[in-house]
1. Among the aspartates and glutamates, which fall within straight-line cross-link reach of LYS4, defined as a Cα-Cα distance under 14 Å, with same-chain neighbours fewer than 8 residues apart omitted?
2. Need the full-extension length gain, SER76 to TRP52, defined as separation in residues times 0.36 nm minus the C-alpha distance. One decimal, nm.
3. Cα axis of helix 3-12 to longest principal axis of the chain: angle in degrees, 0 to 90, nearest 10?
4. Averaging sequence separations of C-alpha pairs under 8 Å and six or more residues apart, then dividing by the length of segment 22-81, give the relative contact order as a whole percent.
5. Roughly how many debye, to the nearest 20, is the charge dipole of the chain about its Cα centre, given +1 on each Lys and Arg Cβ, -1 on each Asp and Glu Cβ, and no other charges?
6. Please give every one of the lysines within straight-line cross-link reach of LYS78, meaning a C-alpha to C-alpha distance under 24 Å, and leave out same-chain neighbours fewer than 8 residues apart.
7. Anyone know which of ASP12, ASP49, ASP28 comes out most mobile in the 10 Å Cα GNM of the chain?
Amino acid sequence: MNSKKVRRIMRDNDLNPERKHRYTGTTDSSHDSPIYRNVAKGFEVHGPDQLWVGDITYVAIGTGFVYLAVILDAWSRKVVG
């Protein structure tokens, strides 16, 4: 039995469990530090290794969460680091 069937059976029997939302705020926007402009906006990439972009997020695990940071080559979309 797959999850769709379980959800359908539960819905048919008016069983609607409350889902536990695990939200952790990771951004503090109320600070006095400088906010830097996006220097890559409008930058045209014509080959590899001209522009690297990065992002950071978090991944929930059983004991909390861990950060995941990635650096991508903007042209090939391959992970650099």
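What follows is calculated from the coordinates using simple rules that are stated; it is not laboratory data. Computed from a prediction, not measured in an experiment: that's the story for all the values here. All Cβ positions, even for glycine, are placed from backbone atoms using ideal geometry, and neighbour counts span all protein chains on display.
1. ASP12
2. Details: separation 24, 0.36 × 24 = 8.64 nm, distance 1.00 nm.
Once the chain is fully extended between SER76 and TRP52, it gains 7.6 nm.
3. Roughly 50 degrees between the two axes.
4. Values: 63 pairs, mean separation 16.0, N = 60.
Answer for segment 22-81 is 27 percent.
5. Details: 12 positive and 9 negative charges, 127 e Å.
Computed about the Cα centre, the dipole is about 600 debye.
6. LYS41
7. Result: ASP12 has the largest fluctuation of those listed.
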